[in-house]
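Step one of this worksheet: look at the structure below.
The values are calculated or read from the model by the stated rules, or taken from the named source; none is laboratory data. Since the structure is predicted, the reported quantities are computational estimates derived from the model, not experimental observations. A quick note on method: Cβ atoms are made from the backbone with ideal geometry, for glycine too, and the neighbour counts reach across all protein chains shown.
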Amino acid sequence: MTKSPELTGIGGLFHFARDPLAAFSEAAALHGDVVEFSQLRATYLLLSHPDAIEAVLQHKGGELAKDFFTRDLGAILGQGLLNAEGDAWKRQRRLMAATFQPRELAIFSDSMNACTDEPAERFTDGELRDVHADGMHLALDIVVRTLFGSKLERFDEVEHALARISTEYRLLWQTWRALLPRWVPLPSHARLERISAELAAILLELIQKKREEPGRDLLSHLIAATDDEGRGMTDEQLRDESMTLFLAGHETTALALTYTLRLLATHPEKYGRMLDEVDGVLAGRAPAQADAERLPFTSAVVREGLRLYPPVWSMARLATGELELAGVPIRANTQVILSQWVVQRDARWFSEPARFRPERWLGEECASLPRFAYFPFGGGPRVCIGQHFALLELVLVLARLSQTVTFEPSGDELVLAPVITLRPKGPVRLRVRRRARVGSNAA
């Protein structure tokens with residue numbers, strides 16, 4: 001274990017704030033797989049070896065709790081799966097697990113295609129689009145339609161509320177406000193509380209309607225789910241899980257789509273190979289769940305995008321007592337940090353780690369990877385419950401979008417601004433090129 005002077009103290013805090021991705025990458029390169037640092041009287045440990053990450057996520061969950069940053073999201077998300085703990089989390093996970101199994105997701109393919117077609121048809125050849133803004137709108141539309149079964153009358157209201165929540169939360173964690181204790185009454189706290197209450201009220205109204213008129217949507221499935229004693233979720237639990245799906249689900253998927261489109265636009269030979277696959281397999285028809293396996297290069301493009309630009313770029317756990325992780329002694333109250341950005345760009349696990357090479361996922365190159373050298377959805381018992389949904393959505397949206405339009409680089413530099421998620425600092429602009437739909441039976 002080596003202490004990082006670069007990350008320690010107030011100077012380390014500002015060093016990290018300037019460029020979190022570089023700060024963690026440099027610390028791991030300089031000091032190895034176990035890096036200790038202290039900030040604001042808290043002790044942190046950055047673990048960058050897959051064995052240690054497996055110990056944290058797979059084997060030591062009972063001795064580690066959610067970190068401060070995730071628990072802080074409870075003010076917005078309530079006690080959904082993301083930040084629930086103990087028996088409450090176990091019960092919710094069991095209630096929700098069946099709904100998110102791959103075999104249950106086929107019914108949502110049509111909604112994913114319809115949501116993709118609407119904006120794509122409006123794109124004009126040669127125009128510059130902010131694909132991040134477009135992706136956020138598209139991903140939210142998909143979450144809304146799959147969760148509720150139809151487009152909301154108050155969709156614009158929900159979208160605006162979510163954007164305001166993201167803005168206020170970034171103000172708290174990306175500015176001088178992050179240095180203040182959370183009990184200090186700041187205007188951002190009050191605004192967050194008010195906006196979250198407004199959104200919660202909308203969700204409770206929708207939950208009541210779904211209880212009265214269930215359908216084939218995710219929310220109806222969650223309402224119908226019961227435990228061994230025949231108990232289902234309360235309206236408050238359904239609200240918290242819906243809030244988590246809204247915020248965590250749509251933003252991470254939108255970011256993955258954004259960065260994947262930019263990678264394709266800047267690697268035309270890879271883009272061409274993917275287009276050939278989509279055209280050859282689908283022949284103009286809309287993709288369905290079964291097509292995901294028939295589009296191996298498209299799926300590899302998604303996996304490689306998640307490797308290079310993981311929407312959740314780091315995660316953390318809090319040691320509730322003294323323990324040992326993969327031979328590393330951990331003191332109580334230490335924040336244990338795992339960074340997907342660092343590990344998934346490590347040359348020990350991935351050859352040419354900074355290059356966009358989707359083909360690495362098609363042969364034997366990645367077959368013998370350590371289990372936690374790649375973990376964009378986390379891992380272990382608390383692996384993201386929506387990973388199958390997200391992967392299906394990304395493959396289908398990418399394939400469907402590619403039947404209508406492609407994108408070219410705009411010349412803009414990509415600047416990242418990571419906080420909880422790996423957000424871009426500004427617009428991600430790409431130039432649209434319209435395509436003629438292949439096949440005469442286009443759907």
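For K425, the conditions (1) closer than 18 Å to T260 by Cβ; (2) among the basic types (K, R); (3) surrounded by fewer than 18 Cβ atoms within 10 Å (Cβ to Cβ) all hold with the exception of (1). Within the range 328-355, residues that are free of Cβ contacts under 8 Å to residues at least 40 places away in the same chain sit with their Cβ atoms under 9 Å from residues that are among the hydroxyl-bearing types (S, T, Y) and part of a loop (DSSP other than H, G, I, E, B), at 6+ positions apart or across chains, in these pairs: A332/T320; Q340/S314; Q340/Y374; Q344/Y374. Looking only at residues of the range 120-136 that are within 20 Å of G426 (Cβ to Cβ) and either touching a strand residue (DSSP E or B) at 6+ places or on another chain (Cβ under 7 Å) or without any contact (Cβ under 8 Å) to a residue 60 or more places away in the chain (or both), we find that the one that is surrounded by the most Cβ atoms within 10 Å (Cβ to Cβ) is V131.
Scanning for something basic (K, R), under 30 Å from S299 (Cα atoms) and crowded, with 20+ Cβ neighbours inside 10 Å, does the range 238-250 turn up at least one residue?
No - not one qualifying residue is present in the range 238-250.
One line per residue, one yes/no per condition, for (1) over 18 Å from V395 (Cα atoms); (2) surrounded by 23 or more Cβ atoms within 10 Å (Cβ to Cβ); (3) in contact with a helix residue (DSSP H, G or I) (Cβ under 7 Å, 6 or more places away or on another chain):
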{"position": "G232", "(1), (2), (3)": "yes, no, yes"}
{"position": "T253", "(1), (2), (3)": "no, yes, yes"}
{"position": "L257", "(1), (2), (3)": "no, yes, yes"}
{"position": "L264", "(1), (2), (3)": "no, yes, yes"}
{"position": "Y271", "(1), (2), (3)": "no, no, yes"}
{"position": "E293", "(1), (2), (3)": "no, no, no"}
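Restricting attention to the range 74-94, the residues that are surrounded by fewer than 21 Cβ atoms within 10 Å (Cβ to Cβ) and within 17 Å of R231 (Cα to Cα) total 7. Of all residues in the range 161-192, those being modelled with pLDDT of 75 or more, of a type outside the set (A, V, I, L, M) and loosely packed, with under 13 Cβ neighbours inside 10 Å number 1.
Would a scan of the range 70-81 turn up a residue that is closer than 30 Å to A354 by Cβ and among the hydrophobic types (A, V, I, L, M, F, W, C)? No, there is no match, as no residue in the range 70-81 is closer than 30 Å to A354 by Cβ and among the hydrophobic types (A, V, I, L, M, F, W, C). Total residues in the range 356-376 satisfying the condition of being in contact (Cβ under 8 Å) with a residue 40 or more places away in the chain and either in contact with a Cys (Cβ under 8 Å, 6 or more places away or on another chain) or among the acidic types (D, E) (or both): the figure is 3.
Scanning the range 217-234 for residues that are more than 26 Å from A161 (Cα to Cα) and not β-branched (V, I, T), which turns out modelled with the lowest pLDDT? The selected residue is D228.
Here's the yes/no breakdown for (1) at pLDDT below 95; (2) surrounded by 20 or more Cβ atoms within 10 Å (Cβ to Cβ):
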residue	(1), (2)
F375	no, yes
V383	yes, no
H388	yes, no
E393	no, yes
V405	no, no
T421	yes, no
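Condition check: in contact (Cβ under 8 Å) with a residue 24 or more places away in the chain, farther than 18 Å from F246 by Cα and crowded, with 21+ Cβ neighbours inside 10 Å. Does P50 satisfy that? Taking the combined requirement at face value, the residue satisfies it. Scanning the range 311-321 for residues that are touching a Leu at 6+ places or on another chain (Cβ under 9 Å), assigned to a loop (DSSP other than H, G, I, E, B) and either buried (at least 20 other Cβ atoms within 10 Å of the Cβ) or not β-branched (V, I, T) (or both) yields P311, V312, W313, S314. The condition of being out of contact with any Ser or Thr (no Cβ under 6 Å at 6 or more places or on another chain) and either basic (K, R) or crowded, with 21+ Cβ neighbours inside 10 Å (or both) holds for only one of V35, V56, that being V56. Scanning the range 322-333 for residues that are surrounded by fewer than 20 Cβ atoms within 10 Å (Cβ to Cβ) and either modelled with pLDDT of 90 or more or not in a loop (DSSP other than H, G, I, E, B) (or both) returns E322, L323, E324, V328, P329, R331, A332, N333. Checking G86, G32, G9, G78 one by one, the residue that is on the phi > 0 side of the Ramachandran plot and at pLDDT 90 or above is G32 and no other.
What number of residues in the range 260-310 are among the aromatic types (F, W, Y) and either outside any loop (DSSP other than H, G, I, E, B) or in contact with a Gly (Cβ under 7 Å, 6 or more places away or on another chain) (or both)? Final tally of qualifying residues: 2. Of all residues in the range 63-104, those being among the aliphatic types (A, V, I, L, M) and in a helix (DSSP H, G or I) number 8. Name the one entry in A139, A106, A55 that is closer than 26 Å to L398 by Cβ, of a type in the set (G, A, S) and modelled with pLDDT of 90 or more. Answer to the selection: A139.
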